[in-house]
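The values are calculated or read from the model by the stated rules, or taken from the named source; none is laboratory data. Note that this is a predicted model, so its numbers are computed, not measured. Cβ placement follows ideal geometry from the backbone for every residue including glycine, while neighbour counts extend to all protein chains displayed.
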Amino acid sequence: MSDKKSSYLRVKDYSISGEEFQLLYNNELDLLETFPQPEENKLSEYYKSDDYISHTDTKRNLLEYVYHTVREISLKRKLKLINSFKAESKTLLDIGCGTGDFLETALKNNWEITGIEPNESARKIANSKTNNSVFDTSELEKLQANSFDVITLWHVLEHLPHLENQVALLKRLLKPNGTLVIAVPNYKSYDAQYYKNFWAAYDVPRHLWHFSKTAIDKLFQVEKMSIVKTLPMKFDAYYVCLLSEKYKNGFMNPIKAFWVGWRSNMKAKRSKEYSSHIYVLKRADF
């Protein structure tokens, strides 16, 4: 990773610790890095909250209701996407699978599934839905090389330490003609520019990295992988804006959040910079 970095923004952890972090701009990769990054053995402390939404199936408030409603729609779209790859053996690895809903959906559609989830409580919920097909992170390195038709990381890559090592591992696990699917927030979106340090998708320090299209392209080029398709995640803008309004003003303000989210999606029609993107990648050395 390049040493050429400059200060970009100071951002607070609004959801758990209240600590402040810097975002450093990596000029070589067009990437933002959270600084300082927590020590690896302390990262889990920043996830210990009943409000950490991807680790729970509860619907206690507006934010959780919106999240789970959008998730139901997204699950159908995710399944349609991976089915479009027409993989023969239909082996799927979902890294950071949370409570296992995507894996459950894939299993019901004849995919042979494997999941990785570091959070013990989320993993327990996921295993109840997937016939115990979900494992702790320590199992990732033990998986056989070239064994998956599709590997998915839905808003997970930004959480993983040792980024370049993770990219190399993903390449190793993917079959030569397999497909890698990565969904990440986009710090160049209109909603990110609008909310600045209140933008919820910075989510420091759980998000260690903050990607642009260029960053994803350059990171995977190193491992001879290339982007074959980039897709928008339009619903993300509304959810992120709802949470950003809470951080900025102390309440969610759904009308304002919807307006900013709508504007972000409208502007992205021209700029192609949506709140989040899905990147579909293939091995370029095959």
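So, in the range 84-135, of the ones that are of a type in the set (Asp, Glu) and over 19 Å from LEU174 (Cα atoms), which residue ends up surrounded by the fewest Cβ atoms within 10 Å (Cβ to Cβ)? Looking at the filtered set, the residue picked out is GLU120. Residues of the range 236-278 that are within 19 Å of THR152 (Cα to Cα) and not small (Gly, Ala, Ser): ASP236, HIS277, ILE278.
Evaluating LYS129 against the criteria (1) farther than 26 Å from SER84 by Cβ; (2) touching a residue at least 24 places away in the same chain (Cβ under 8 Å); (3) out of contact with any strand residue (DSSP E or B) (no Cβ under 9 Å at 6 or more places or on another chain) leaves one unmet condition, (1). Taking the range 198-286 and the helices (runs of 4 or more DSSP H) fully enclosed by it, the elements with 3 or more residues that are touching a helix residue (DSSP H, G or I) at 6+ places or on another chain (Cβ under 8 Å) and among the charged types (D, E, K, R) are at 234-249, 254-271. For first residues located in the range 222-245 and among the acidic types (Asp, Glu), partners that are part of a helix (DSSP H, G or I) and buried (at least 19 other Cβ atoms within 10 Å of the Cβ) and lie 6+ apart or on another chain with Cβ distances below 6 Å form the pairs GLU223/VAL167; GLU223/LYS171; GLU245/ALA257. Suppose we keep only residues that are touching a strand residue (DSSP E or B) at 6+ places or on another chain (Cβ under 8 Å) and aromatic (Phe, Trp, Tyr) within the range 7-36. Which one would you say is farthest from PHE211 (Cα to Cα)? Ranking the candidates gives PHE21 first. Can you pull out every residue in the range 136-191 that is acidic (Asp, Glu), assigned to a helix (DSSP H, G or I) and exposed (fewer than 14 other Cβ atoms within 10 Å of the Cβ)? The answer is GLU139, GLU141, GLU164. Of everything in the range 102-128 that is part of a loop (DSSP other than H, G, I, E, B) and farther than 16 Å from SER89 by Cα, the residue that is modelled with the lowest pLDDT is ASN119.
In this structure, does ASP191 turn out to be within 21 Å of ASN265 (Cα to Cα), over 14 Å from the mean Cα position of the chain (by Cα) and among the acidic types (Asp, Glu)? Taking the combined requirement at face value, the residue satisfies it. Candidates in the range 6-55 are the residues that are more than 30 Å from ARG71 (Cβ to Cβ) and modelled with pLDDT under 95; of these, the one that is surrounded by the fewest Cβ atoms within 10 Å (Cβ to Cβ) is ASN41. For PHE85, the conditions (1) touching a helix residue (DSSP H, G or I) at 6+ places or on another chain (Cβ under 8 Å); (2) assigned to a loop (DSSP other than H, G, I, E, B); (3) under 27 Å from ALA215 (Cβ atoms) all hold with the exception of (1).
State whether the residues of the range 192-209 include one that is surrounded by fewer than 19 Cβ atoms within 10 Å (Cβ to Cβ), free of Cβ contacts under 8 Å to residues at least 60 places away in the same chain and out of contact with any Phe, Trp or Tyr (no Cβ under 6 Å at 6 or more places or on another chain). Yes, there is a match, as at least one residue in the range 192-209 is surrounded by fewer than 19 Cβ atoms within 10 Å (Cβ to Cβ), free of Cβ contacts under 8 Å to residues at least 60 places away in the same chain and out of contact with any Phe, Trp or Tyr (no Cβ under 6 Å at 6 or more places or on another chain).
If we scan the range 173-186, do we find a residue that is within 16 Å of TRP154 (Cβ to Cβ) and of a type in the set (Lys, Arg)? Scanning the range 173-186 turns up no residue that is within 16 Å of TRP154 (Cβ to Cβ) and of a type in the set (Lys, Arg). Figure legend. Inter-residue proximity from the range 68-85: first residues in contact (Cβ under 8 Å) with a residue 40 or more places away in the chain and under 20 Å from VAL150 (Cα atoms), second residues among the basic types (Lys, Arg) and surrounded by fewer than 11 Cβ atoms within 10 Å (Cβ to Cβ), beta-carbon distance below 6 Å, spacing 6+ or different chains. No pairs are indicated.
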